[in-house]
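> Next up is a structure, given as structure tokens.
The values are calculated or read from the model by the stated rules, or taken from the named source; none is laboratory data. Fair warning: this is a prediction, and the values are worked out from it, not measured in the lab. For neighbour counting, all protein chains shown are included, and Cβ atoms are generated from backbone atoms with ideal geometry for every residue, glycine included.
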Amino acid sequence: MKRIALITCLMVFLLANSLTVRAQEQSTLDKVFPVRGLFVDAPNRARVDAFCKFIDEELGPNHINTLILAVNYNYRFASRPEMANANAIGKEEVAKIVEMCKKHGINVFPLINLLGHQSWSASTGKLLSVYPEFTETPNIKAQKVEWPNPDGYYCLSYCPLHPDVHDVVFPLIDEVLNDFGAKDFHAGMDEVFYIGHESCPRCAGKDRAKLFSDEMQKIRDHLAKSDARLWIWGDRLIDGKQTGVGEWEGSTNDTAAAVETIPRDIVICDWHYNRAETTAALFAGRELDVVSCFWNRPQVAADTLDAVQLFRKVSSRKMTSHYRGVMQTVWSGNDRLLRDYYNPELDENGGTEAASFKRMLKMLNAIVEE
């Protein structure tokens with residue numbers, strides 16, 4: 001009995017010591033990068049277990065604390081059956097992912113693209129396929145063309161002033177929020193080239209910054225009913241000409257002024273993929289929380305982490321509180337990320353998302369080990 005008691009005490013001691021060390025690691029990183037994130041598509045149904053293993057063995061142990069999963073309209077929705085995809089993940093699969101994230105203290109929440117990105121090349125997305133009347137550009141259809149083109153086509157948008165559009169998208173938001181048990185929601189809203197379009201019977205001639213800001217306000221106010229917080233990509237709030245970041249990482253279609261009027265409790269994901277731009281200061285200076293994002297260049301990932309550390313070190317206390325951290329973005333898909341990440345021949349200096357992510361993890365672990 002004494003031996004059993006001794007073993008039990010030893011196990012309790014080791015567990016308590018492990019938890020103490022883990023808490024100290026988290027405290028150290030929280031001071032430097034309160035948000036340490038990964039954005040990626042939700043896995044398909046057959047790959048949920050593999051993704052949970054990735055969370056358990058890689059994300060948790062390597063100090064990732066925020067996971068944003070792009071669900072979009074690829075979900076087994078129950079609230080709007082006409083929007084459901086029978087082959088996609090749903091509540092049961094999400095429950096597995098959420099449970100694994102909970103084990104590691106990871107805040108996991110969904111993304112559904114709102115306003116923009118309602119098509120891709122010649123493929124119209126689910127929302128405008130089911131409800132074509134919601135389009136912002138009734139005279140322009142999804143098409144396979146090179147950029148730039150006479151129609152200014154990249155992706156279709158929905159009309160933010162259509163009287164019925166929110167009756168469709170808001171129940172979808174509510175459903176995924178409930179299934180994730182989340183208090184955060186990412187609405188996308190990036191690369192919106194079609195807004196206030198001349199062919200829209202409701203939006204033509206209206207102030208584009210106000211249209212953008214008002215739509216954000218509607219989404220934010222709806223989320224507030226569930227005590228949830230809105231996250232968006234920040235490119236449409238940056239003046240692409242004034243800053244020199246151009247029409248992709250910034251706006252050249254008059255939406256940037258919306259940054260002055262949007263609610264201050266929105267989280268901005270400020271993405272830059274060629275250089276570690278300093279535009280995070282534009283948001284922090286307006287009392288907006290900002291997360292700095294990168295993509296497939298390991299050096300840009302490293303430079304971004306360095307820049308955020310410097311911002312938090314040299315800024316006023318008020319500004320520092322708004323530099324929330326960093327996030328790896330993945331656009332090639334969930335399967336591709338895992339395949340590259342586990343590839344023993346991966347070039348960790350090469351131009352892949354996995355290489356960039358590994359650079360981020362290496363830098364996070366170096367901070368813990370200091």
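Yes/no per residue for (1) more than 27 Å from G188 (Cβ to Cβ); (2) buried (at least 16 other Cβ atoms within 10 Å of the Cβ); (3) in the same structural domain as I55 (by TED's automatic domain parsing); (4) in contact (Cβ under 8 Å) with a residue 40 or more places away in the chain:
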position: A302; (1), (2), (3), (4): no, yes, yes, yes
position: Q309; (1), (2), (3), (4): yes, yes, yes, yes
position: V314; (1), (2), (3), (4): yes, no, yes, no
position: H322; (1), (2), (3), (4): no, yes, yes, no
position: W331; (1), (2), (3), (4): no, no, yes, no
position: L337; (1), (2), (3), (4): no, yes, yes, yes
position: D340; (1), (2), (3), (4): no, yes, yes, no
position: E348; (1), (2), (3), (4): yes, no, yes, yes
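> Which one of these is surrounded by fewer than 22 Cβ atoms within 10 Å (Cβ to Cβ), part of a helix (DSSP H, G or I) and in contact with a Phe, Trp or Tyr (Cβ under 8 Å, 6 or more places away or on another chain): H222, H166, H162?
Residue meeting the stated conditions: H222.
> Identify, by number, the condition in (1) out of contact with any Gly (no Cβ under 7 Å at 6 or more places or on another chain); (2) under 16 Å from R36 (Cα atoms); (3) among the β-branched types (V, I, T); (4) not in a helix (DSSP H, G or I) that T304 doesn't meet.
(4)
> Scan segment 168-197 for residues that are more than 23 Å from G246 (Cα to Cα) and either over 16 Å from the mean Cα position of the chain (by Cα) or not assigned by TED's automatic domain parsing to the domain that holds Y158 (or both) and jot them down.
Step one: of segment 168-197, the residues more than 23 Å from G246 (Cα to Cα) are 168-186.
Of everything in segment 168-197, those that are more than 23 Å from G246 (Cα to Cα) and either over 16 Å from the mean Cα position of the chain (by Cα) or not assigned by TED's automatic domain parsing to the domain that holds Y158 (or both) turn out to be V168, V169, F170, P171, L172, D174, E175, N178, D179, G181.
> Could you grab the pairs with beta carbons closer than 8 Å, sequence gap of 6+ or different chains, first residue in segment 40-66 and in contact (Cβ under 8 Å) with a residue 12 or more places away in the chain and over 17 Å from V330 (Cα atoms), second one of a type in the set (D, E, K, R) and part of a strand (DSSP E or B)?
Hits for this filter: H63/R36.
> Considering only residues that are touching an Asp or Glu at 6+ places or on another chain (Cβ under 8 Å), crowded, with 19+ Cβ neighbours inside 10 Å and either polar (S, T, N, Q) or more than 14 Å from V259 (Cβ to Cβ) (or both), which ones fall in segment 194-219?
Y194, I195, G196, H197, C200, C203
> Spot the failing condition for N87; the list is (1) under 30 Å from S129 (Cβ atoms); (2) at pLDDT 95 or above, and only one is missed.
Unmet condition: (2).
> State the number of residues belonging to segment 252-284 that are within 23 Å of A301 (Cα to Cα) and not β-branched (V, I, T).
Of the residues in that region, 14 qualify.
> Can you tell me which residue in segment 73-98 is surrounded by the fewest Cβ atoms within 10 Å (Cβ to Cβ), limited to those that are touching a residue at least 40 places away in the same chain (Cβ under 8 Å) and among the acidic types (D, E)?
E82
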